[in-house]
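The structure appears below as structure tokens.
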Amino acid sequence: MSASATKPESNACFIYVTTGSIDEAKTIGRKLVETRLAACVNIIDPMISLYWWEGKVQEGNETVLIAKTTAVKVAALTAAVCELHSYDCPCAIALPIVDGNADYVDWIGREAANEDCQIMTPDL
């Protein structure tokens with residue numbers, strides 16, 4: 001494999017998600033990968049978050065989930081995260097991948113676009 005950089009027109013994205021626990025991150029992450037909404041996810045635990053909620057500054061332990069997908073799957077992936085998540089207002093934001101190892105970025109595109117994609121249904 002080469003270490004070449006990506007082409008500027010890459011449509012790969014990182015989706016940054018915070019969850020309340022490692023178990024929740026694993027549940028969401030596994031569903032995203034199994035349904036091919038994401039090519040892969042990384043889970044980072046623990047993380048400390050400071051944020052405004054209900055008029056007060058809050059502090060809490062959270063777990064980070066980073067999903068790799070394509071731009072065309074961002075809306076469906078975000079909807080799945082919101083459906084599966086325990087928070088009222090989950091963090092799920094897309095960041096474009098603008099450069100990197102072209103072989104890896106191509107892999108994201110192939111795996112997220114695989115024809116075996118399963119559509120999530122509400123009973124999952």
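Which members of the range 14-27 meet the condition of being of a type in the set (Val, Ile, Thr) and either surrounded by fewer than 21 Cβ atoms within 10 Å (Cβ to Cβ) or in contact with a Pro (Cβ under 9 Å, 6 or more places away or on another chain) (or both)?
Val17, Thr18, Thr19, Ile22, Thr27
Please work out which one of (1) among the hydrophobic types (A, V, I, L, M, F, W, C); (2) surrounded by 14 or more Cβ atoms within 10 Å (Cβ to Cβ); (3) not in a helix (DSSP H, G or I) is the condition Ala76 fails and give its number.
Every condition holds for Ala76 apart from (3).
Output the number of the condition that Glu59 fails; it satisfies all remaining conditions of (1) of a type outside the set (S, T, N, Q); (2) out of contact with any Leu (no Cβ under 6 Å at 6 or more places or on another chain); (3) surrounded by fewer than 16 Cβ atoms within 10 Å (Cβ to Cβ).
(2)
Pull out all pairs, ordered by first then second residue, where Cβ-Cβ is under 9 Å, the residues are six or more apart or on different chains, the first lies in the range 100-116 and is under 14 Å from Leu32 (Cβ atoms), and the second is at pLDDT below 90 and part of a loop (DSSP other than H, G, I, E, B).
Pairs found: Ile108/Ser10.
Condition first: closer than 26 Å to Ala75 by Cβ, at pLDDT below 95 and of a type outside the set (A, V, I, L, M). Can you find one or more residues in the range 10-33 that meet it?
yes
Here are the criteria: (1) more than 20 Å from Asn114 (Cα to Cα); (2) modelled with pLDDT under 95; (3) surrounded by 12 or more Cβ atoms within 10 Å (Cβ to Cβ). Tell me which single one Ser4 does not satisfy.
Just one mismatch for Ser4, condition (3).
Restricting to the range 11-51, count the residues that are acidic (Asp, Glu) and assigned to a strand (DSSP E or B).
1
Of the conditions (1) surrounded by 13 or more Cβ atoms within 10 Å (Cβ to Cβ); (2) assigned to a helix (DSSP H, G or I); (3) modelled with pLDDT of 95 or more, Glu111 clears all except one; give me its number.
Against the list (1) surrounded by 13 or more Cβ atoms within 10 Å (Cβ to Cβ); (2) assigned to a helix (DSSP H, G or I); (3) modelled with pLDDT of 95 or more, Glu111 comes up short only on (3).
Output yes when any residue across the range 83-94 is in a helix (DSSP H, G or I) and crowded, with 17+ Cβ neighbours inside 10 Å, and no when none is.
Scanning the range 83-94 turns up at least one residue that is in a helix (DSSP H, G or I) and crowded, with 17+ Cβ neighbours inside 10 Å.
The values are calculated or read from the model by the stated rules, or taken from the named source; none is laboratory data. Just so we're clear, the structure is a prediction, and the values are computed from it rather than from any experiment. Cβ atoms come from the backbone with ideal geometry, glycine included; neighbour counts cover every protein chain shown.
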